[in-house]
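> This is the structure I want to talk about, given as structure tokens.
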Amino acid sequence: YPGMLAVFVVGSLLITATDTIQPIINRNMLDAAVSRSLVGGHSARWYVWASCGVAIINIVVWRTMGITNCFFQPRVMSDLYNTCFRYLIGHSHSFFADNLVGSITSRMKRLPGAFETIDDKLKWNIDISVLNAIVTITIISCHFGFWGAGYIFLTWFVVYSAFACVAARLKYKPDLATSEQDSLVSGMASDVYGNIGSVQLSNAEQHEIVEF
């Protein structure tokens, strides 16, 4: 879906630009209002209109990205379901005999949900945060001439990102183990419920409870 991805890329850039410009406009607006003179060749009234315009652009971009996301994520999740189904249905009978069918179904359902979570984090948190950090470092270093402060902020950003990556890697193994156990529980329960007639006829309820 290249068109929708382009909306997200352009939208992230516009949001970062408006978030950066808005404080500068507000500062000039206050300076012009207090001094009752032109600041940067414009009056306080001009900066008021400019601030409103930037705010409207920011809101429109946010809403456009949100609406686009409502179409993007369900389509990709549907594609993932279809891809998983086509892939699994081509396996041999022994594959399904050796694996809990309920566990396979649970894992297939979890994949689109994982995509939704990662996609939300990328679009609404990571992308915009990285862009804001880059713009902030650039403004501090170039516009204000505080090269030392820019280097300090850059160092903090790199250290923070590295720590977040390390923490995510450490958390990966427990999360993977939790996911596997969740799939196993769902698989055993689904298979027992799906064969409840055979379980009850053979009086194997207690055996299944112990196995679970």
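> Could you list, ordered by first residue, the pairs with Cβ atoms under 8 Å in which the first is in segment 185-212 and more than 22 Å from residue 107 (Cα to Cα) and the second is among the acidic types (Asp, Glu) and open to solvent by 50 Å² or more (accessible area, probe 1.4 Å), at least 6 apart or interchain?
Sorted first by the residue in segment 185-212, then by its partner, the pairs are 199/205; 199/208.
> Output the residues belonging to segment 85-124 that are at pLDDT 80 or above and of a type in the set (Val, Ile, Thr).
Passing the criteria: 89, 117, 118.
> When you scan segment 108-143, how many residues do you find that are loosely packed, with under 15 Cβ neighbours inside 10 Å, farther than 13 Å from residue 20 by Cβ and of a type in the set (S, T, N, Q)?
3
Residue-by-condition table, conditions (1) part of a helix (DSSP H, G or I); (2) among the acidic types (Asp, Glu); (3) within 20 Å of residue 103 (Cα to Cα):
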{"position": "177", "(1), (2), (3)": "yes, no, yes"}
{"position": "182", "(1), (2), (3)": "yes, yes, yes"}
{"position": "185", "(1), (2), (3)": "yes, no, yes"}
{"position": "192", "(1), (2), (3)": "yes, no, yes"}
{"position": "199", "(1), (2), (3)": "yes, no, yes"}
{"position": "203", "(1), (2), (3)": "no, no, no"}
{"position": "209", "(1), (2), (3)": "yes, no, yes"}
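> Provide a single number: the residues in segment 3-55 that are β-branched (Val, Ile, Thr) and under 27 Å from residue 120 (Cα atoms). Let's see the steps before the verdict.
Residues of segment 3-55 β-branched (Val, Ile, Thr): 7, 9-10, 15-16, 18, 20-21, 24-25, 34, 39, 48, 54.
Next, from what is left, pick out any that are under 27 Å from residue 120 (Cα atoms): 7, 9-10, 15-16, 18, 20-21, 54.
Number of matching residues: 9.
> Yes or no: residue 31 among the acidic types (Asp, Glu) and more than 30 Å from residue 119 (Cβ to Cβ)?
So residue 31 fits the description; yes.
> So which pairs qualify, if the first residue must be in segment 5-33 and in contact (Cβ under 8 Å) with a residue 60 or more places away in the chain, the second must be of a type in the set (Lys, Arg) and part of a helix (DSSP H, G or I), the Cβ gap must be under 9 Å, and the two must be at least 6 apart or on different chains?
Partner pairs satisfying both residue conditions: 8/123; 12/123.
> Taking segment 49-77 as the region of interest, how many residues are over 30 Å from residue 32 (Cα atoms), in contact (Cβ under 8 Å) with a residue 24 or more places away in the chain and open to solvent by less than 60 Å² (accessible area, probe 1.4 Å)?
Total meeting the criteria: 7.
> Quick check on this structure: which one of 175, 127, 191 is at negative phi, of a type in the set (Asp, Glu), modelled with pLDDT of 75 or more and out of contact with any helix residue (DSSP H, G or I) (no Cβ under 9 Å at 6 or more places or on another chain)?
Only one candidate qualifies: 175.
> Got a number for residues in segment 84-100 being in a helix (DSSP H, G or I), open to solvent by less than 80 Å² (accessible area, probe 1.4 Å) and out of contact with any helix residue (DSSP H, G or I) (no Cβ under 6 Å at 6 or more places or on another chain)?
Summing the residues that are in a helix (DSSP H, G or I), open to solvent by less than 80 Å² (accessible area, probe 1.4 Å) and out of contact with any helix residue (DSSP H, G or I) (no Cβ under 6 Å at 6 or more places or on another chain) in segment 84-100 gives 5.
> Quick check on segment 144-172: of everything there that is aromatic (Phe, Trp, Tyr), open to solvent by 80 Å² or more (accessible area, probe 1.4 Å) and assigned to a helix (DSSP H, G or I), which residue is modelled with the highest pLDDT?
Out of the qualifying residues, it is 163.
The values are calculated or read from the model by the stated rules, or taken from the named source; none is laboratory data. All values reported here derive from a predicted model rather than from experimental measurement. Positions of Cβ are backbone-derived with ideal geometry, glycine not excepted, and every protein chain shown enters the neighbour counts. The area values use the complete protein model at the heavy-atom level, side chains included, leaving out ligands, DNA and RNA. Shrake-Rupley method; radii C 1.70, N 1.55, O 1.52, S 1.80 Å.
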